[in-house]
Amino acid sequence: MKRGAVLSPCGTWRYELPREWDIGNRLVVVMLNPSTADAEKDDPTIRRVIGFAKSHGFGNLLVLNIFALRSTDPDGLRVAQDPVGPDNDAHIHDALSIPGTPALAAWGSMGDQWDPARQRAAAVLNLAPLASWFCLGTTKNGHPRHPLYIAGSTRFAPYRVERGLAAAKVQP
């Protein structure tokens, strides 16, 4: 498997985490924030999304996050001065600017508890309105479920940008 990572020069933010195991279509996965995975090692969440990508016929993936701050505890986002990262939006836009790009929304339910997460999810959806969005189900409030604790047999379902924006209480 080919591995890589795009980090900020200081290592505080991870903008991209590509994984390639076969020639084929790329899946862009957009989660909440990066944990410990890097250019050399995968964490449990990355192993999980690789499994989902393979089972859906993709040959590689690119992991992005609505917040680029590397933190093993999502609550660390709440106290960080800049959890988004100075270059995160450019990486998201570049990866999802081609109409129809397959994108898995998977940032989980933090938006239920923290307004900045809800607002950030809306901002990311607005950066990529032409992507072909999918999810692994949604929370009761309409946020896309995080992949770590979802059955491996779960199939992708369409994730409508309008519903995501409604969950964020933001209009397109």
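Of note:
- Under a Gaussian network description of the chain, with springs only between Cα atoms under 10 Å, the residue in W21, W133, W13 that fluctuates furthest is W21.
- Percentage relative contact order, the stretch 2-167, counting C-alpha pairs under 8 Å, at least six apart: 22 percent
- Of G11, G108, G152, the residue with the greatest mean-square motion in the GNM of the chain, using alpha carbon springs below 10 Å, is G11.
- Sorted ascending by nearby beta carbons within 10 Å, beginning with the fewest, L69, L130 become L130, L69.
- Across the options V28, L61, P147, the greatest Cα extent toward the positive end of the charge dipole of the stretch 2-167 (unit charges at beta carbon of Lys, Arg, Asp, Glu) belongs to P147.
- Centroid-to-centroid separation of the stretch 1-29 and the stretch 103-160 [C-alpha atoms, Å]: 19 Å
- Among beta bridges identified by DSSP and lying wholly in the chain, the antiparallel ones come to about 50 percent.
- Residue among V124, V49, V79 with the largest mean-square fluctuation in a Gaussian network model of the chain, springs linking Cα atoms under 10 Å: V79
Throughout, read-outs are computed from the coordinates displayed, never taken from laboratory work. This is a predicted model, so every value here is computed, not measured. Neighbour counts run over all protein chains shown; Cβ positions are idealised from the backbone, glycine included.
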